[in-house]
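In what follows, a single structure is set out as structure tokens and then discussed.
The values are calculated or read from the model by the stated rules, or taken from the named source; none is laboratory data. All figures in this text were calculated on a predicted structure; none of them were measured in a lab. Here the Cβ positions follow ideal geometry from the backbone for every residue, glycine too, while neighbour counts run over all protein chains shown.
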Amino acid sequence: MALASLGRDPPPFFRQGPSALSRLVVFSAMALLLMVADARFHMVQPLRASIATALYPLQWLVLQPLSLSQHANERMDGMFTKEATVQLLRQQLAEQRQRAQQTEQLILENQRLRGILNLQERQSPGTLAAQVVYDAADPYTRKVVLDRGESQGVHLASPVIDEFGVIGQVTRVFPVSSEVTLITDRDHAIPVVNARTGARGVAYGETTRNANALELRFMAANADVSAGDLLTTSGVDGIYPPGLPVARVDKVERRTEAVFARIECVPIAMVAGARHVLVLLPAAQAAVARPLPEPEHKPVRSGGRR
């Protein structure tokens, strides 16, 4: 009975102000009033600004990890993009460089072909244009192989020249190819004449000091030969036509105890790098094949003597 007689209201010493419902009504009314006042008169704007200013460092500190992550991602993406761009530019540069080299090679080849064509026009009709296919397999000789042979009209001992001068001489002829011994070969000799003095001599291939050089042998120690003299073919061998440039004197060594001077020469033609050449008929065959001029026939007057 004692429990039933107790009321539901809290004891007097637990009461602390108005009830919860009253507080809800009051606070709701104040909230509505503040919202209306802020919407109409912007009364809470200074307070909002102060709170935002006070909370800005905390917001900046909280957003730093996200900002750093985004910055790192952008930097990595930029690095990958730049690396891909650099690789693409390098590839394009390599392609352009290769094209430029091919263009330079084509220009040089066209110039040499023009020189060969002009030289072919100046030579006899028996000349034949050919191309160097490869060097001979023997490392102790200076020989090249041409893509023209007996079926194209190449003869044994035919001189071979380029647009600058003498390359060598055909020493083997096959049906569709031929082998040329270069003038720098140690077993090759070519009669020459000094264009300045008219002195004749024989130039041999020099292999002891320089693989791409010649030596003018059996010239007296007091012979009138100096560096820079041009040596041309003399034509006395019946193979090379006279007047073709062969070499230029590079060095002259005279010794008092030696009978002959040591004369080193440099080839005029591109012996080591020739690609397009011209094959001539031997001088003796060209002289035989050259047609003789027809005699002029004087017109015969009709009528008898007076």
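Within the option set 172, 142, being more than 28 Å from the chain's Cα centre (by Cα) and of a type in the set (Lys, Arg) holds for one residue only, 172. Taking each residue of the stretch 243-256 that is on the phi > 0 side of the Ramachandran plot and looking for partners that are surrounded by 12 or more Cβ atoms within 10 Å (Cβ to Cβ) and assigned to a loop (DSSP other than H, G, I, E, B) with beta-carbon atoms closer than 8 Å, six or more apart or interchain, yields 243/235. Checking each residue in the stretch 244-271 for being buried (at least 18 other Cβ atoms within 10 Å of the Cβ) and part of a loop (DSSP other than H, G, I, E, B) picks out 244, 261, 268, 269, 271. Are any of the residues in the stretch 194-212 touching a helix residue (DSSP H, G or I) at 6+ places or on another chain (Cβ under 9 Å), under 23 Å from residue 279 (Cβ atoms) and buried (at least 20 other Cβ atoms within 10 Å of the Cβ)? Within the stretch 194-212, not a single residue is touching a helix residue (DSSP H, G or I) at 6+ places or on another chain (Cβ under 9 Å), under 23 Å from residue 279 (Cβ atoms) and buried (at least 20 other Cβ atoms within 10 Å of the Cβ). Among the residues making up the stretch 162-180, those that are of a type in the set (A, V, I, L, M) and buried (at least 22 other Cβ atoms within 10 Å of the Cβ) are 166, 167, 170, 180.
Within the stretch 181-193, the set of residues being surrounded by fewer than 17 Cβ atoms within 10 Å (Cβ to Cβ) and out of contact with any Phe, Trp or Tyr (no Cβ under 6 Å at 6 or more places or on another chain) comprises 186, 187.
When the stretch 28-73 is examined, which residues are found to be surrounded by 10 or more Cβ atoms within 10 Å (Cβ to Cβ) and of a type in the set (Lys, Arg)? If the condition is that a residue be surrounded by 10 or more Cβ atoms within 10 Å (Cβ to Cβ) and of a type in the set (Lys, Arg), then 48 is the only one that fits. Taking the numbered list (1) out of contact with any strand residue (DSSP E or B) (no Cβ under 9 Å at 6 or more places or on another chain); (2) in a strand (DSSP E or B) in turn, residue 198 passes all entries but (2). Considering only the stretch 213-242, state which residues are among the β-branched types (Val, Ile, Thr), free of Cβ contacts under 8 Å to residues at least 60 places away in the same chain and closer than 23 Å to residue 158 by Cα. Residues satisfying the conditions are 232, 236.
Out of 75, 48, one residue alone is assigned to a helix (DSSP H, G or I) and touching an Asp or Glu at 6+ places or on another chain (Cβ under 9 Å). It is 48. Against the criterion of being of a type in the set (A, V, I, L, M, F, W, C) and at pLDDT below 75, residue 116 qualifies. For the stretch 11-20, the condition of being modelled with pLDDT of 80 or more and surrounded by 10 or more Cβ atoms within 10 Å (Cβ to Cβ) holds for none of the residues.
Applying the condition of being polar (S, T, N, Q) and at pLDDT below 90 to the stretch 183-227 and asking which residue is farthest from residue 255 (Cα to Cα) yields 212.
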